[in-house]
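Chemist: There's a structure below that I have some questions on.
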Amino acid sequence: MTVLLPDDSPRDECGIFGIWGHEKAQVLTHFGLYALQHRGQESAGIAARVSPERLALRRDMGLVSEVFSAEDIRDLESDAALGHVRYSTTGGSSVENAQPLVVRMKSTSIALAHNGNLVNARELRRALESSGSIFQTSADTEVVAHLAARESDKGIRESLLAALGQVQGAYALVALTPDGLFAARDPNGFRPLCIGRVAGGWIVASETCALDAAGAVFVRDVGPGELLSIDDDGMTSSRIGEPRGNPSLCVFEYIYFARPDSDIAGQNVHQVRKQLGRYLARDHHVEADVVTGVPDSSISAATGYAEEAGIPYEMGLVRNRYIGRTFIQPGDELRQRGVKLKLNPLRKVVQDRRVVLVDDSVVRGTTSKILVRLLREAGAREIHLRISSPPYRYPCYYGIDTSSRGQLIASERNVEEIRSMVGADTLAFLGVERVTQAAGGDPDDYCVACFQGDYRVPIDPMGDKSSLEES
Ligand code: AMP
């Protein structure tokens, strides 16, 4: 993570966790959410089956450590639970939009938590509203809840299948009723979701690092277009519509989002990042004295670069882990100081040296610009910026909020123009083919729309990015 200041940085997305059949379900969910905190720092919530008929909910704005007291966790004592961490976008930053969402559907309660972005949510919402649905939040999850409610006579699994058959875009979804846990992934499989087992119980989570935190053993990923129903009789798999050609796993999960200790589609994130760094060194070598990475997300790529280039890796920037996302200071001078609080150059490492600075991505260019300046102030002789991904040119409509097109530094600029704006001596990006190569398998199995603009699920042509709700 190299987010500098919240109002300057692109937004994160969401993390989801569900568990069925474990006597300490709420405790393992709490652990799981800690492990998924990097996927969303604005709100957190847990819904738990506290009796055979009742779901209790605790959710609030803030980090997992701020939202749940020891007493909350005791009060949520349960054998099945669902958890969510969220970073919302414009207009969505309020406790009503915190998840899980718990609603009544006929005679049962259902809790839902979602990661992704539905491209036809606005259209569906309008249609639902004109036929009488009343919405309490602006989150996509509520659209799914209303769609499912209309089919509730069919039972939960069928109603979820019917609802998911109508939504388009990116989602990983978990739902909990007193009778079962459900987990679904959109037919393109944009967002990751995996299954694990723990002491006879089942877990589903955005990333395998949450399985590790809960002491669970990885079973497999939820497949694109698969809906899993889990209850005391075990797990059954159903299909959401027909398979749609190649899957489109988001490559940015490997580049930046996911934690390095997670495995996605059988590939370890750290190893993929390290390979990206190796390719970067091979494709964009430069004579230098030291390689350093921007903590934490770029360290893997930076070590790969150093190994391949035969240049020593050193810690050139130190990150303060105790600065929350709400740390905002207006004004340039204070802002600059705020950055130094968060990331401080190690003068002894960079002074009078030619430094290769590896970062995983350049989105608006704010981070690079500030870091180059800080390293120069700390005495670096040359700064060679190496980015372990291609130029980020197109907004993501599938669950990652990286601003509108105009805010993306690479949308209308070539590499030389970007270099001059951020002030580095040299700048190089990795090619798209290198990214899919490092991730492995068929290059067509990944979504690279942010680099190439080839959106696999058509986006809302009327869509104003800033008003789309993501989670
Ligand atoms: P920027 O400063 O806008 O160029 O953002 C790029 C920096 O933010 C890089 O150092 C990334 O590690 C990090 N980053 C990239 N994408 C995201 C995102 N969606 N949310 C938060 N940080 C991000």
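Chemist: Being open to solvent by less than 10 Å² (accessible area, probe 1.4 Å) and within 30 Å of Gly200 (Cα to Cα) is the filter here, so list the residues in the stretch 106-129 that pass it.
Modeler: Listed by number, the residues that qualify are Ile110, Ala111, Leu112, Ala113, His114, Asn115, Gly116.
Chemist: If you take the residues of the stretch 369-394 that are outside any strand (DSSP E or B) and within 21 Å of the chain's Cα centre (by Cα), which of them is farthest from Gly277 (Cα to Cα)?
Modeler: Tyr394
Chemist: Would you confirm, using the coordinates I've provided, whether Tyr392 is within 16 Å of Ser361 (Cβ to Cβ), hydroxyl-bearing (Ser, Thr, Tyr), modelled with pLDDT of 95 or more and touching a Cys at 6+ places or on another chain (Cβ under 6 Å)?
Modeler: It is true that Tyr392 is within 16 Å of Ser361 (Cβ to Cβ), hydroxyl-bearing (Ser, Thr, Tyr), modelled with pLDDT of 95 or more and touching a Cys at 6+ places or on another chain (Cβ under 6 Å).
Chemist: Further question: Looking at (1) open to solvent by less than 60 Å² (accessible area, probe 1.4 Å); (2) within 21 Å of the chain's Cα centre (by Cα), which is the only condition Met61 fails?
Modeler: Evaluating Met61 over (1) open to solvent by less than 60 Å² (accessible area, probe 1.4 Å); (2) within 21 Å of the chain's Cα centre (by Cα) leaves (1) as the failure.
Chemist: Restricted to the stretch 147-173, and to residues that are touching a helix residue (DSSP H, G or I) at 6+ places or on another chain (Cβ under 6 Å) and of a type outside the set (A, V, I, L, M, F, W, C), which residue is least open to solvent (accessible area, probe 1.4 Å)?
Modeler: Ser159
Chemist: Follow-up question, since we're still on this one. Take residues that are closer than 14 Å to Thr29 by Cβ and tell me which of the strands (runs of 3 or more DSSP E) falling wholly in the stretch 69-139 contain 1 or more.
Modeler: Qualifying strands (runs of 3 or more DSSP E): 80-86, 108-118.
Chemist: Another question, if that's okay. State the number of residues belonging to the stretch 368-402 that are under 16 Å from Phe252 (Cβ atoms), of a type in the set (D, E, K, R) and more than 10 Å from the ligand (Cβ to nearest atom).
Modeler: Result for the stretch 368-402: 1.
Chemist: May I pose another question? Checking the structure you have, find out if any residue of the stretch 251-258 is away from the ligand (no atom under 16 Å from the Cβ) and among the small types (Gly, Ala, Ser).
Modeler: no
Chemist: Which of (1) more than 13 Å from the ligand (Cβ to nearest atom); (2) open to solvent by less than 10 Å² (accessible area, probe 1.4 Å); (3) over 22 Å from Gly277 (Cα atoms) is the odd one out, the single condition Gln351 does not satisfy?
Modeler: With (1) more than 13 Å from the ligand (Cβ to nearest atom); (2) open to solvent by less than 10 Å² (accessible area, probe 1.4 Å); (3) over 22 Å from Gly277 (Cα atoms) applied to Gln351, the lone miss is (2).
Chemist: For the stretch 44-56, indicate whether the set of residues that are part of a strand (DSSP E or B), under 20 Å from Tyr322 (Cβ atoms) and either open to solvent by less than 10 Å² (accessible area, probe 1.4 Å) or modelled with pLDDT of 95 or more (or both) is non-empty.
Modeler: yes
Chemist: Against the condition in a loop (DSSP other than H, G, I, E, B), out of contact with any helix residue (DSSP H, G or I) (no Cβ under 6 Å at 6 or more places or on another chain) and either under 30 Å from Ala170 (Cβ atoms) or open to solvent by 40 Å² or more (accessible area, probe 1.4 Å) (or both), how does Tyr397 come out, does it pass?
Modeler: The answer is yes for Tyr397.
Chemist: When the residues of the stretch 207-232 are narrowed to those that are touching a helix residue (DSSP H, G or I) at 6+ places or on another chain (Cβ under 6 Å) and under 24 Å from Val251 (Cβ atoms), which ends up surrounded by the most Cβ atoms within 10 Å (Cβ to Cβ)?
Modeler: Going through the qualifying residues, I end up with Ala210.
Chemist: Sticking with this structure for a sec: Might you check whether a residue that is modelled with pLDDT under 95, within 16 Å of the ligand (Cβ to nearest atom), touching a Ser or Thr at 6+ places or on another chain (Cβ under 9 Å) and in a helix (DSSP H, G or I) occurs anywhere in the stretch 8-31?
Modeler: Yes, because at least one residue in the stretch 8-31 is modelled with pLDDT under 95, within 16 Å of the ligand (Cβ to nearest atom), touching a Ser or Thr at 6+ places or on another chain (Cβ under 9 Å) and in a helix (DSSP H, G or I).
Chemist: Out of the residues in the stretch 233-275 meeting the condition of being farther than 20 Å from Cys396 by Cα and in contact with a Ser or Thr (Cβ under 6 Å, 6 or more places away or on another chain), tell me which one is surrounded by the fewest Cβ atoms within 10 Å (Cβ to Cβ).
Modeler: Among them, the one singled out is Thr236.
Chemist: Here are the criteria: (1) buried (at least 17 other Cβ atoms within 10 Å of the Cβ); (2) touching a residue at least 40 places away in the same chain (Cβ under 8 Å). Tell me which single one Ala378 does not satisfy.
Modeler: (2)
Chemist: A further question on this structure: Let me confirm something: among Asp186, Asp231, Asp263, which residue is out of contact with any Gly (no Cβ under 9 Å at 6 or more places or on another chain) and among the charged types (D, E, K, R)?
Modeler: Step by step, each of Asp186, Asp231, Asp263 is checked, and only Asp263 is out of contact with any Gly (no Cβ under 9 Å at 6 or more places or on another chain) and among the charged types (D, E, K, R).
Chemist: I'd like to check something: does the stretch 74-83 contain any residue that is open to solvent by less than 40 Å² (accessible area, probe 1.4 Å), modelled with pLDDT under 95 and farther than 20 Å from Cys209 by Cβ?
Modeler: no
Chemist: Has the stretch 244-253 got any residue that is of a type in the set (Lys, Arg), outside the structural domain of Gln275 (by TED's automatic domain parsing) and at pLDDT 95 or above?
Modeler: No, the stretch 244-253 contains no residue that is of a type in the set (Lys, Arg), outside the structural domain of Gln275 (by TED's automatic domain parsing) and at pLDDT 95 or above.
Chemist: From the list Arg405, Arg419, Arg364, which residue is more than 13 Å from the ligand (Cβ to nearest atom), open to solvent by 50 Å² or more (accessible area, probe 1.4 Å) and within 21 Å of the chain's Cα centre (by Cα)?
Modeler: Arg405
The values are calculated or read from the model by the stated rules, or taken from the named source; none is laboratory data. Only a predicted model underlies this, so the values are computations on that prediction, with no experimental measurement involved. We place every Cβ from the backbone using ideal geometry, glycine too, and count neighbours over all the protein chains shown. Remember, those area values only see protein heavy atoms, side chains included, never the ligands or the DNA or RNA. Shrake-Rupley method; radii C 1.70, N 1.55, O 1.52, S 1.80 Å.
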